[in-house]
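Working notes, structure below.
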Amino acid sequence: MNHRRIGILGGGISGIALAAYLDDDVDILEKRSRIGGLCATVVENGFTFDAAGPHIMFSKNKEVLGIMVAALGDNVHQRRRENRIWFKGSLVKYPFENDLASLPKEDTFECILGYLKNPHANEEPTNLADWSYKTFGEGISDKYFIPYNRKIWNYDPKKIGLEFVSRIPKPPMEDVLKSAIGIPTEGYLHQLHFYYPVEGGFEALVNAFASRVRGSIEREWIVADVRRDGDLWRITSTTGDVRTYDTLVNTLPIHELLKVWSEAPQETRDLAAKLRYNSLINVLVGVNEDRGYPYSALYIPDPEIMFHRVSFPKAFSERCGPVGQTPFMAEITTNEGDGIWELSDEEVIERTLRDLERVELLDRKNVNYTKVVRFTYGYPVYDLDYRANVTAMRESVAATGMHLLGRFAQFDYINSDVCIERALELSATLAR
Ligand SMILES: Cc1cc2nc3c(=O)[nH]c(=O)nc-3n(C[C@H](O)[C@H](O)[C@H](O)COP(=O)(O)OP(=O)(O)OC[C@H]3O[C@@H](n4cnc5c(N)ncnc54)[C@H](O)[C@@H]3O)c2cc1C
């Protein structure tokens, strides 16, 4: 039996970044043969794809962004975001309300009318759909904001709270009106420029932190049992390997932790059962032609099309595909039982290629690569009771002495920069 001071469950960016700031008396226990979790990369047939969907490096915390960029040394460059919304065959600049002139004329008119003559303007919204009506009016809400959000969350926007609306860009009225008559504006400057690894996809960032880890990173080490053993935490793998730790940090999704932590408080189980998440299917596609698309991503609110976003890995780094070929990723959010998650990989590919042809991005006779990647945990969904449930869940775990860190352990809609920021904070606490 192996004893160390700190055990970290899970080798995604949270676990790896934390270990990078600790001494050598640390284990990271990761079930896959590859570290990275949601930040992992798929490299096949000359293509490089971010496994869970496109990842960019950005942060409101300039210190953390500096750490991320520095960690990559020479292997990083800056790119400009070129996102569009696919609306009835037109490509509208992101955010939608900043390019209303690109819509069919009747739609432009309905959006402007709803924006200026808004019966919801003085309401006090309590959910995402009503917030949209108040902020953008009925035209923009019904044509774009509500259908898109219904798709990405795979949930009714009337049942989603207001937790993340501060992240949604709200251009000034002048910009909306200018754009509606065809005067270009750039409404969303945050993330206009982002960093990305030149080589190796987003996982290169995780590997850069991993190279600083002085403790041990165990791969193919599947946590099968977590329990207290006196003052220690005792962790057992599926193969019967046993490790003990003075301090335990969990980065596994809370719902996965509860499957292997039989002594977990009943309160934690009851609360976690109320935390809603959606799952992800990311369809990776390669074609043997290059039409020189300038876009980073297209957002697709149309409910008839299965995916909500298509991205173009070569816009992140030219090295993501061979010369003369184009990689695409099509992301689908789903939940077990909704019929989409149950589709076979062949069916998912078939529908995705059909829809990629409908949005006129490719001709399927040129397709030379396809793969379906599934993640059970994609996005935490901030339903109306989210804040109360998640706060009580975290408190119930903290009372046991276990630390939670990361997107699905803390159950928080955070990106890798915040994972790193929190890893830094926790490393300072644990070093005391
Ligand atoms: C579609 C999408 C787009 C995103 N875009 C961006 C972006 O542009 N920029 C950005 O910075 N972030 C982005 N993110 C967020 C980012 O991916 C996450 O915040 C981050 O990867 C979370 O890392 P984590 O270590 O907390 O969790 P995870 O990556 O989920 O790591 C948990 C680890 O635990 C392991 N594990 C699970 N069960 C066991 C077990 N029983 N035993 C051992 N190990 C186990 C898993 O294999 C995994 O490696 C995006 C996320 C998604 C889904």
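Side notes on the structure shown:
- Percentage relative contact order, the stretch 10-62, counting C-alpha pairs under 8 Å, at least six apart: 29 percent
- Sparse-neighbourhood loop sites, trypsin sites (Lys or Arg not before Pro) in the stretch 1-95 - DSSP loop, at most 15 other Cβ within 10 angstrom: ARG32, LYS60, LYS88
- Pair ARG358, ARG219: separation of 7 Å Cα→Cβ label points (nm): 4.0 nm
- Over the chain, relative contact order from alpha-carbon pairs under 8 Å, at least 6 apart, %: 25 percent
- Top positive-direction residue, dipole computed over the stretch 83-180 with Cβ charges, set TRP153, ILE140, ILE112: TRP153
- Cβ charges +1 (Lys, Arg) and -1 (Asp, Glu), total dipole of the stretch 83-180, debye: 340 debye
- Modelled FRET efficiency - R0 45 Å, ARG291 with ASN61, Cβ distances, 0.05 increments: 0.75
- Restricted to Cα atoms, the chain shows a radius of gyration and a Dmax of 22.6, 71 angstrom.
- For the chain, the longest site-free run once GluC sites (Glu not before Pro) in DSSP loop states with at most 16 other Cβ atoms within 10 Å are removed: 1-81
- Model label zone, ASN127; criterion: amide N under 20 Å from point 7 Å along Cα-to-beta-carbon; scope the stretch 409-429: none
- Within straight-line cross-link reach of LYS117, lysines at Cα separation under 26 Å, skipping those fewer than 8 residues along the same chain: LYS88, LYS93, LYS105, LYS134, LYS143, LYS158, LYS159, LYS170, LYS178
- Charge tally around THR334: other residues with Cβ under 14 Å, Lys/Arg +1 each, Asp/Glu -1 each, net 0.
- Cα centroid separation - the stretch 1-54 against the stretch 86-131, whole Å: 41 Å
- Size of charge dipole - the chain - debye, nearest 20, with Cβ of Lys, Arg +1 and Asp, Glu -1, no other charges: 420 debye
- Only the Cβ atoms of Lys and Arg (+1) and of Asp and Glu (-1) were treated as charged; on that basis the dipole of the stretch 277-363 about its Cα centre amounts to roughly 460 debye.
- Since only ASN282, LEU72, VAL206 are under comparison, the one whose Cα sits farthest along the positive direction of the charge dipole of the chain, derived from C-beta charges on Lys, Arg, Asp and Glu, is LEU72.
- Using a simple spin-label model with pseudo-atoms 7 Å out from Cα toward Cβ, THR238 and SER211 lie 3.1 nm apart.
- Helices in the chain, meaning DSSP H runs of at least 4 residues, each add -39500 (n - 2.57). Divided by all residues, the mean residue ellipticity at 222 nm is -8500 deg cm²/dmol.
- Distance between the modelled labels on THR429 and ASP74, one decimal in nanometres: 4.0 nm (7 Å Cα→Cβ projection).
- Separation between Cα centres of the stretch 328-382 and the stretch 290-321, rounded to whole Å: 13 Å
- Tail weight of P(r) past 20 Å, computed on alpha-carbon pairs of the stretch 184-301, percent: 68 percent
- Selection of trypsin sites (Lys or Arg not before Pro), the stretch 289-390, meeting DSSP coil and at most 15 other Cβ within 10 Å: ARG291
- Compared with the direct C-alpha span, the chain from ARG34 to GLN191 gains 53.7 nm at full extension, assuming 0.36 nm per residue.
Laboratory data are not the source of any read-out in this text; all were calculated from the coordinates shown. The shown structure was predicted, so the numbers you read here are calculated from the model rather than taken from an experiment. Neighbour counts are summed over all protein chains in view; Cβ atoms, including those assigned to glycine, are modelled from backbone coordinates with ideal geometry.
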